[in-house]
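Below: one structure, written as structure tokens.
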Amino acid sequence: MRAIVLMCLLHAALARYDGNHFGHSTSSPPPKEGRECITDQGACGCCVMVQEVNRLTTYFETSLNTLEMETMQTAQRLNNIEASRVAFSSSMNNADRMTCFGPFPDNRLVPYDYVFINLGDGYNASTNIFTAPHSGVYSIALTIYSDAGSPGNTLAACASLQVNGKVLVGSSERNKQDQEDSATIVVALQLNTGEEVAVRLSAGCFLCDDKNHYNTFSAFLLYPTP
Ligand SMILES: *[C@@H]1O[C@H](CO)[C@@H](O)[C@H](O)[C@H]1NC(C)=O
């Protein structure tokens, strides 16, 4: 608003300068602003002001329309980002006693029955599969833990991250030296809507957990892609 007033004053001053080259009100007015400028200096100044006000009104209306459009587009983008929020994090269980899954003679998907957060409903606890609700770059993290029960027992903490049924990355720890072992995998992945991520327990291995949540499986959307 201040800018408009300043510009009006500026243009009015310039117009007056044009009309009275040295600021003397008695010198002849310029002919370029139309008939009024020749005959009536006051009308001429008014005419210039009206022209300027009209020009500025058009300019500010156009700018305002552009700004309104851009604000709407930004709000739409923000809505899209908010609507595509995905954050999933879970652990195997919340049991008081250490409870193990495995070993089995074949590969199995690890059940993550204790869900911390499942924003976007990507994880289905019935299938043990996380399905990407939106296309985007995801961060997937997996920590496995196993407890052989006592030193000298065979420890076999081995699991892999599978995407659409195929193993992407794995971690393995099989030995008789430790009683406990733990491993972590973190990857960033481009997933398209509907692509599936799960944790596969290798045959002969086993994972153990309790309410300390030693085994976690998490997936969250870093940013969406079209
Ligand atoms: C989870 O998977 C089961 C088995 O495929 C299916 O019946 C159920 O509808 C799924 N739940 C959701 C919320 O998609």
Exercise. State yes or no: is Asp178 part of a loop (DSSP other than H, G, I, E, B) and either loosely packed, with under 15 Cβ neighbours inside 10 Å or modelled with pLDDT of 95 or more (or both)?
Key: no
Self-check item: Filter pass, Ser126 being within 18 Å of Ser182 (Cβ to Cβ), at pLDDT 95 or above and within 16 Å of the ligand (Cβ to nearest atom)
Solution: no
Exercise. Restricting attention to the stretch 102-123, report how many residues are over 23 Å from the mean Cα position of the chain (by Cα) and more than 13 Å from the ligand (Cβ to nearest atom).
Key: 11
Quiz item: Do we find a residue being of a type in the set (Gly, Ala, Ser), within 16 Å of the ligand (Cβ to nearest atom) and open to solvent by 80 Å² or more (accessible area, probe 1.4 Å) anywhere in the stretch 79-95?
Solution: no
Self-check item: Which listed residue, of Asn54, Asn124, Asn65, Asn107, is touching a residue at least 12 places away in the same chain (Cβ under 8 Å) and open to solvent by 50 Å² or more (accessible area, probe 1.4 Å)
Solution: Asn107
Practice problem: Inspect all residues belonging to the stretch 90-106 and state whether any of them is modelled with pLDDT of 95 or more and in a strand (DSSP E or B). | Solution: yes
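What residue, of Leu161, Leu168, is of a type in the set (A, V, I, L, M), part of a strand (DSSP E or B), away from the ligand (no atom under 15 Å from the Cβ) and at pLDDT 85 or above?
Details: Leu168 fails: at pLDDT 85 or above.
Exactly one of Leu161, Leu168 is of a type in the set (A, V, I, L, M), part of a strand (DSSP E or B), away from the ligand (no atom under 15 Å from the Cβ) and at pLDDT 85 or above, namely Leu161.
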Practice problem: Please specify each residue of the stretch 192-212 satisfying the condition of being surrounded by 19 or more Cβ atoms within 10 Å (Cβ to Cβ), among the hydrophobic types (A, V, I, L, M, F, W, C) and part of a loop (DSSP other than H, G, I, E, B). | Solution: Cys205, Phe206
Exercise. Would you check which residues across the stretch 188-226 are within 25 Å of the chain's Cα centre (by Cα) and under 19 Å from Tyr145 (Cβ atoms) and list them?
Key: Ala198, Thr216, Phe217, Ser218, Ala219
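The values are calculated or read from the model by the stated rules, or taken from the named source; none is laboratory data. If you're wondering where the values come from, they're calculated on a predicted model, not measured in any experiment. Using ideal geometry, Cβ is built from the backbone for each residue, glycine included, and neighbour counts are taken over all protein chains shown. Surface areas here come from the heavy atoms of the whole protein model, side chains and all, with no ligands, DNA or RNA. Shrake-Rupley method; radii C 1.70, N 1.55, O 1.52, S 1.80 Å.
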